[in-house]
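The values are calculated or read from the model by the stated rules, or taken from the named source; none is laboratory data. Predicted, not measured: the structure shown is a model, and the values here were computed from it. Here the Cβ positions follow ideal geometry from the backbone for every residue, glycine too, while neighbour counts run over all protein chains shown.
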Amino acid sequence: MPKVTYITPEGERVVVEQAEGTLMSAAVENQVSGIDGDCGGVCSCATCHVHVDEAWTDKVGPAGEGEKGLLELEDGVEENSRLGCQVKLTPELDGLVVRVVGR
Ligand code: FES
């Protein structure tokens, strides 16, 4: 399972070794500040908004249609915005870095 670095809204780097599930679930399990995952990962709350580090955007891929619709209502949306619950963690994402947008 991949190692993922989350940079919190406060600027703290939280490294999760052996991250499992999705970017959201791994963050919630490891109490990463700024990711709440209020809807449980069904793409309806946007409390898992992250900016994917530029070096990783191709590997992570773009937001899906439903995800884009929800992101449009959010502040701080960038080209590299994703909802963490929609990003499944795979071994290919080992070393991934994301910035937590928070609210
Ligand atoms: S956890 Fe609700 S949209 Fe991701």
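Selection within segment 14-42: residues that are touching a residue at least 40 places away in the same chain (Cβ under 8 Å) and part of a helix (DSSP H, G or I). The member of this set that is nearest to Val98 (Cα to Cα) is Leu23. Within segment 4-37, how many residues are surrounded by 14 or more Cβ atoms within 10 Å (Cβ to Cβ) and either among the aromatic types (Phe, Trp, Tyr) or out of contact with any Phe, Trp or Tyr (no Cβ under 9 Å at 6 or more places or on another chain) (or both)? Matching residues across segment 4-37 total 14. With the structure loaded, tell me whether Arg103 is at pLDDT 95 or above and of a type in the set (D, E, K, R) or whether it fails that test. Answer is no for this residue. Screening Thr57 against (1) away from the ligand (no atom under 14 Å from the Cβ); (2) touching a Lys or Arg at 6+ places or on another chain (Cβ under 6 Å) leaves a single unmet condition, (2). Checking each residue in segment 79-98 for being over 16 Å from Lys3 (Cβ atoms), under 13 Å from the mean Cα position of the chain (by Cα) and away from the ligand (no atom under 15 Å from the Cβ) picks out only Asn80. Contact map, segment 67-87: residues that are over 19 Å from Asp36 (Cα atoms) and aliphatic (A, V, I, L, M) paired with residues that are crowded, with 17+ Cβ neighbours inside 10 Å and at pLDDT 95 or above, Cβ distance under 6 Å, separation 6+ or inter-chain. No pairs are found. A count restricted to segment 43-54 and to residues that are more than 12 Å from Arg103 (Cβ to Cβ) and within 15 Å of the ligand (Cβ to nearest atom) stands at 5.
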